[in-house]
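Throughout, read-outs are computed from the coordinates displayed, never taken from laboratory work. Just so we're clear, the structure is a prediction, and the values are computed from it rather than from any experiment. Here the Cβ positions follow ideal geometry from the backbone for every residue, glycine too, while neighbour counts run over all protein chains shown.
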Amino acid sequence: MTDPAIDALLARVKALEAQNAVRNTIARYMALCDVPMRALEGEALAALFAEDAIWEGIGPQYANKFGRLEGPARIVAMLQHYLPPTPHFATNVHFLTGEHIEVNGDTAKGRWIMLQASGYVDAKAELIAARLEIDFVPAAHDAGATWLIRHFRTERLFDAPWQVNPTQGVSA
């Protein structure tokens, strides 16, 4: 027989560990999409996705641009179109804010506002804001220590031009 107070504490700890694992997964995803990328040894985008993963652009700007991709191989193939060695970004950095993570047993949903500061190889640059809504599931191989992306949805909110390297004489 177990003590209900201990069971409640264990459930709370499990939920907190799941939230932290979700944070780790989305942080690694963003870091692997940054240019230049700082991958850890053996790290790969495909390892962050569940076998039945979906990656989806939604809203008027992203539904047609990205559509809906199913499976880690298709998702990573699309992402590779934007990452080196493909000449697209000269620099690309992602920032997440407005975090909200709900854990419900063996599922979790995370919501963030993402700011993406991009400098392109053609010398143009822009700041993009997008709303992310991402469903996660625990990986089967490590008793829930790692959570994987099951359904990634991104919706562009706005974009604005900016300058990666300000002209000389301008100080912050």
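Considering the dipole of the chain built from charges on the beta carbon (Lys and Arg +1, Asp and Glu -1) around the Cα centre, which of 113, 53, 21 is farthest to its positive end?
So the residue we want is 113.
Check residue 139: other-chain or 5+ apart residues with amide H under 5 Å from its amide H, H built from backbone geometry?
Result for residue 139 returns 144, 146, 147, 148.
In degrees between 0 and 90, to the nearest 10, how far off the longest principal axis of the chain does helix 4-33 point, with axes built from Cα atoms?
Helix 4-33 sits at roughly 20 degrees to that axis.
Where in the chain lies the longest segment free of chymotrypsin sites (Phe, Trp or Tyr not before Pro) that are both loop residues by DSSP (not H, G, I, E, B) and have at most 14 other Cβ atoms within 10 Å? Kindly include the intermediate steps, with their values, before the conclusion.
Details: sites that count: 82, 162.
My reading of the result: 1-81 is the longest stretch.
Report the dimensions of segment 78-161 along its three principal axes from the alpha-carbon atoms, largest first, rounded to Å.
46, 28, 16
Output the direction-averaged projected area (hull surface divided by four) of the convex hull of the alpha-carbon atoms of segment 4-60, in nm².
Numbers: hull surface 27.0 nm².
Reported value for the Cα convex hull: 6.8 nm².
With +1 on each Lys and Arg Cβ and -1 on each Asp and Glu Cβ, how big is the dipole of the chain about its Cα centre, in debye rounded to the nearest 20? List each step's numbers first, then the result.
Values: 15 positive and 20 negative charges, 90 e Å.
So the dipole magnitude of the chain works out to roughly 440 debye.
Starting from segment 78-172, pick out the GluC sites (Glu not before Pro) whose DSSP state is loop and whose Cβ has at most 16 other Cβ atoms within 10 Å.
On the way: sites: 99, 102, 126, 133, 155; in loops: none.
Taking segment 78-172 and a limit of 16 other Cβ atoms within 10 Å, no loop GluC sites (Glu not before Pro) are found.
With each pseudo-label sitting 7 Å past Cα toward Cβ, what's the residue 64-residue 127 distance in nm, one decimal?
Taking the simple label geometry, residue 64 and residue 127 are separated by 2.7 nm.
Can you run phi through the Karplus equation (6.51, -1.76, 1.60; θ = phi - 60°) for segment 109-121 and list ³J(HN,Hα) in whole Hz, with x for Gly and Pro?
Per-residue couplings from phi come out as 10, x, 10, 9, 9, 10, 9, 10, 9, 10, x, 9, 5 Hz.
Can you list the lysines whose alpha carbon sits under 21 Å from that of residue 109, skipping same-chain ones fewer than 8 residues off?
Answer for residue 109, where 21 Å is the Cα cut-off: 14, listed by chain and number.
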